[in-house]
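Worksheet for the structure shown next.
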Amino acid sequence: IGLIDTGVAASLAYFNHVKLIQRAFNGKAAQPRMHGTAVAHLIGGTKSNPARPTKILVAYIFSGPRETAGSSFALVKALDWLAAQGVPVINVSLSGPRNPAVAESIARVNRRGHVVVAAAGNDGPAAPPVFPGAYDGVLGVTAVDAQNRVYRYANRGAHVDFAARGVSVPAIDAAGQLRDATGT
């Protein structure tokens, strides 16, 4: 699985059963942060599968100078790298405005057979669609709670393709502490 996010605290015992490969796309090294670590923890699960170990390739695009952290250029480079690595699914943990370069990169990755999954957004029910989650060819995911109620700050609309538990989900932070995570 490909993960475009912040860096992951790969040395934590929670990841002993997961093969993590990280690469920074806007700086020199992937620095562990809460969001990337939490998402990787949720993707990796808690148990190993001897028949098929979990492998997560992390493309860290939020390092480097603040003014270019999370840039569309870093996102395009990350998408291309993950596609070149042959990951079948790429999770994009960010949202923002339309961007023609990002849209073309996602279309190119889709044509190569990769599935792109992205957040529907956390700006509220009246907010406009955010991208890349609202692009054609991207599975836009929203969050629901344990009772399947839509997260109150989740973006809504026809671009939302899937709902998953995303409200008060136990996940670890970069220090290995268990916390409740919420978001699309």
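Summary of computed values
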read-out	value
Filter result for Asp136 (at pLDDT below 95, assigned to a loop (DSSP other than H, G, I, E, B) and either closer than 27 Å to Asp180 by Cα or not aliphatic (A, V, I, L, M) (or both))	yes
Sole exception among (1) in contact with an Asp or Glu (Cβ under 8 Å, 6 or more places away or on another chain); (2) farther than 16 Å from Ile43 by Cα; (3) of a type in the set (Lys, Arg) for Arg179, by number	(2)
Among the candidates Ala78, Ala29, residue that is outside any loop (DSSP other than H, G, I, E, B) and out of contact with any Ser or Thr (no Cβ under 6 Å at 6 or more places or on another chain)	Ala78
Matching residues in region 79-108 - criterion: being in contact with a strand residue (DSSP E or B) (Cβ under 6 Å, 6 or more places away or on another chain), farther than 19 Å from Gln22 by Cα and of a type in the set (Val, Ile, Thr)	Ile106
Pro100 vs. criteria over 25 Å from Arg179 (Cα atoms), under 17 Å from the mean Cα position of the chain (by Cα) and at pLDDT 95 or above	no
Residue list for region 11-21, restricted to those being under 24 Å from Ala84 (Cα atoms) and either open to solvent by 60 Å² or more (accessible area, probe 1.4 Å) or of a type in the set (Val, Ile, Thr) (or both)	Val18, Lys19, Ile21
Residues of region 56-96 that turn out to be modelled with pLDDT under 90 and buried (at least 22 other Cβ atoms within 10 Å of the Cβ), as a count	1
Residues (surrounded by 12 or more Cβ atoms within 10 Å (Cβ to Cβ) and over 17 Å from Arg152 (Cβ atoms)) located in region 110-127	Asn110, His114, Val115, Val116, Val117, Ala118
Sole exception among (1) without any contact (Cβ under 8 Å) to a residue 60 or more places away in the chain; (2) within 19 Å of Thr182 (Cβ to Cβ); (3) out of contact with any strand residue (DSSP E or B) (no Cβ under 6 Å at 6 or more places or on another chain) for Lys47, by number	(2)
Failed condition for Val8, given (1) modelled with pLDDT under 95; (2) under 20 Å from Arg179 (Cβ atoms); (3) open to solvent by less than 30 Å² (accessible area, probe 1.4 Å)	(1)
Candidate set from region 142-184 (those that are among the small types (Gly, Ala, Ser), part of a loop (DSSP other than H, G, I, E, B) and at negative phi); member that is surrounded by the most Cβ atoms within 10 Å (Cβ to Cβ)	Ala154
Residue in region 39-55 that is most open to solvent (accessible area, probe 1.4 Å), counting only those that are within 11 Å of Phe15 (Cβ to Cβ) and part of a loop (DSSP other than H, G, I, E, B)	Thr46
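The values are calculated or read from the model by the stated rules, or taken from the named source; none is laboratory data. All figures in this text were calculated on a predicted structure; none of them were measured in a lab. Neighbour counts are summed over all protein chains in view; Cβ atoms, including those assigned to glycine, are modelled from backbone coordinates with ideal geometry. Heavy atoms of the whole protein, side chains included, go into the accessibility calculation; ligands, DNA and RNA do not. Shrake-Rupley method; radii C 1.70, N 1.55, O 1.52, S 1.80 Å.
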